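> After the structure tokens below, expect a handful of questions from me.
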Amino acid sequence: MDCFYAAIECRDDPSVADKPVGVGGSSGRGVLSTCNYIAREYGCHSAMPVFQAKQKCPHIVLKPHRFSVYKSESDKIRSIFYDYTELVEPLSLDEAYLDVTHQNRYAWDIAKEIRQRIFEETQLAASAGVSYNKMLAKIASDWKKPNGQFAVLPNQSEEFMKELPVRKIWGIGPKSAEKLSQLGFDTCGDLQKQSIGRLHSTFGTRWGTELYQLCHGIDERSVTTNRIRKSMSVEHTFDKNLESLEECIDKMEESIEELKSDLMTSRSQRVIAKLFVKLKFEDFKSTTKEAEFKRLDLEAVRPLLEEAYTRSSLNVRLMGLGVRFAQSNDNDSQQLELDLDLGKKRIASY
């Protein structure tokens, strides 16, 4: 869906439809969950602190979350998907993979029809990507946004990937792209010229293998309809490396608010067992520190961040924060309350 929350707010309040609109916390310490395309023209984007959004766009209209409405619209949209296939893998309220290989129709026509039905039934715009694997479909879904669709066919994938900037590959942020560019890798075609052994020696076995597969358009994952989520996290690659623990702590406060928002959005009833912090340093090496979950605030997260930060003397290029859910057989796990401040309401989640 195209800027899902903001699109709903503009639909339900036509007086702001032609204005920059953001959805998220109204306090200076809150973050935007999303914003419409008008606001994006001013440089606003999801996960941006509200105070920064107001600096970039002083006249932005901030709307509070209405999760019950978003969930209701998501259910309507998902019911349309099931008219075409039972193989639906939701990624969030506003995004999903659909496997339609069993249909005796062109996937392009199915996607076009689904998008039309979504608009007719909800007055909301959707974009679609069509391809023979999940990675390419995901990339294609962003190609013609907003309100468009794009296909990558099997006989087109090699050329498509060859010219694709490495920045478009999932997991590569601005700093990763800059580092790759310094090594002479600006496009997937540049990576395709390298042997897997060369990529292993440069980036390590795990990341080198992933790069080799991704740049060749290889993705063997199937659409999974009953996936049990084991964790939820947020992470950001920074335009400028963080050079001190204090800078990391400042950014971590934003990540805490963003993760709280994501947990609210998912309405997960899973029990949280652990907190974890992930850091990736400027040499591309990563470290993770985790501990039993007590609460989701800076006081609980800070010791994990400090421990992870001391594991390298290099600057930090990526930082992540997440929770791991208890497994169903973890009889010792206790249900812990997470208070999420949403406007004037106090909402308990897990």
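> For segment 4-63, what are the per-bin percents of Cα-Cα distances with bins 10 Å wide, up to the bin holding the maximum?
For segment 4-63, the binned pair fractions read 29, 59, 12 percent.
> Quick check: residue separation of Leu183 and Arg311 times 0.36 nm, minus the Cα distance between them. What number comes out in nm?
Length difference between fully extended and current span is 43.5 nm.
> Residue by residue through segment 119-129, what is 3J(HN,Hα) from phi via Karplus (6.51 cos²θ - 1.76 cosθ + 1.60, θ = phi - 60°)? Round to whole Hz and write x for glycine and proline.
Rounded to whole hertz, the list is 5, 5, 8, 10, 6, 10, 8, 10, 10, 9, x.
> Based only on other Cβ atoms within 10 Å, what is the fewest-to-most ordering of Lys280, Lys71?
On the way: Lys280 23, Lys71 13.
Listed from fewest to most nearby Cβ atoms, that is Lys71, Lys280.
> If each of His59 and Glu220 carries a label point 7 Å out from its Cα toward its Cβ, how far apart are those two points in nm?
5.5
> For Glu254, Glu299, Glu282, which order do you get if you count the other beta carbons within 10 Å of each Cβ and list the fewest first? Working shown, then result.
Numbers: Glu254 20, Glu299 8, Glu282 16.
Exposure proxy ranking, most exposed first: Glu299, Glu282, Glu254.
> A follow-up question, please. Got a sec? Charge dipole of segment 4-63, +1 on Cβ for Lys and Arg, -1 for Asp and Glu; which of Asn36, Val50, Cys10 is way out at the positive end?
Of the listed residues, the answer is Val50.
> Lys71: which lysines have alpha carbons under 27 Å from its alpha carbon, excluding same-chain residues fewer than 8 sequence positions away?
Partners found: Lys19, Lys63, Lys112, Lys134, Lys138, Lys144, Lys145, Lys230, Lys260, Lys274, Lys344, Lys345.
> Check each of the GluC sites (Glu not before Pro) in segment 77-151 and keep only those in coil by DSSP with at most 15 other C-beta atoms within 10 angstrom; list them in order. Could you put the intermediate results ahead of the total?
On the way: sites: Glu86, Glu95, Glu113, Glu120, Glu121; in loops: Glu86.
Of the GluC sites (Glu not before Pro), the ones in loops of segment 77-151 whose Cβ has at most 15 other Cβ atoms within 10 Å are Glu86.
> On to the next question. Please sort 149-156, 127-134 by packing, taking for each peptide the average over its residues of neighbouring beta carbons within 10 angstrom, highest first.
Values: 149-156: 15.8, 127-134: 20.2.
Final packing ranking: 127-134, 149-156.
> Taking amide hydrogens as modeled 1.01 Å from N in the peptide plane, which residues meet the under 5 Å criterion relative to Tyr97, leaving out close sequence neighbours?
Glu89, Leu91
> Something else about it: Residue separation times 0.36 nm, minus the C-alpha to C-alpha distance between Glu86 and Lys138: what's the value? Don't jump to the answer; show the numbers that get you there.
On the way: separation 52, 0.36 × 52 = 18.72 nm, distance 1.92 nm.
Between Glu86 and Lys138, full extension yields 16.8 nm more.
> To check you understand DSSP bridge types, tell me what percent of the beta bridges within the chain (both residues inside) are antiparallel, rounded to 5. Don't skip to the answer; put the middle values down first.
On the way: 38 of 45 bridges.
Antiparallel bridges make up about 85 percent of those DSSP assigns within the chain.
> Out of every Cα-Cα pair in segment 67-152, what percent are more than 22 Å apart?
Working: 641 of 3655 pairs.
Looking at segment 67-152, the distances longer than 22 Å represent 18 percent of pairs.
> Just report the Cα centroid separation between segment 52-99 and segment 199-272, whole Å.
Using only Cα atoms to place each centre, the spacing works out to 20 Å.
> Sticking with this one: As an exercise, identify the GluC sites (Glu not before Pro) in segment 201-236 lying in DSSP coil whose Cβ has no more than 13 other Cβ atoms within 10 Å. Before the final figure, lay out each step's value.
Details: sites: Glu210, Glu220, Glu235; in loops: Glu220.
Sparse-neighbourhood loop GluC sites (Glu not before Pro): Glu220.
> What does the charge count near Tyr106 come to, summing +1 for each Lys or Arg and -1 for each Asp or Glu among other residues with Cβ under 13 Å from its Cβ?
0
> Tell me, in nm to one decimal, what length is gained between Glu243 and Glu121 on full extension, where the rule is 0.36 nm per residue of separation less the Cα-Cα distance?
Values: separation 122, 0.36 × 122 = 43.92 nm, distance 4.97 nm.
Net length gain for the segment: 39.0 nm.
> Which whole-number percentage describes the relative contact order of the chain, with Cα contacts under 8 Å and a sequence gap of 6 or more?
Values: 601 pairs, mean separation 45.6, N = 350.
The normalised contact order for the chain reaches 13 percent.
> Please give me the summed charge of the neighbours of Ser176: other residues whose Cβ is under 15 Å from its Cβ, Lys and Arg +1, Asp and Glu -1.
Working: positive: Arg167, Lys168, Lys175, Lys179, Arg206, Lys240, Lys278, Lys280, Lys285, Arg317; negative: Glu178, Asp186, Asp190, Glu210, Glu235, Asp239, Glu282, Asp283.
Charge balance in the 15 Å sphere: +2.
> Now for a separate question. At 222 nm, what value in deg cm²/dmol follows for the chain if DSSP H runs of at least 4 each add -39500 (n - 2.57) and the sum is divided by all its residues, to the nearest 500? Please list the in-between numbers first.
Details: 13 runs with 133 residues, N = 350.
Here the helix-only value at 222 nm equals -11000 deg cm²/dmol.
Bear in mind that the values in this text are calculations on the coordinates, not laboratory data. Given the structure is predicted, the values throughout are model-derived calculations rather than measurements. FYI the Cβ positions are ideal-geometry reconstructions off the backbone, even for glycines, and counts take in every protein chain you see.
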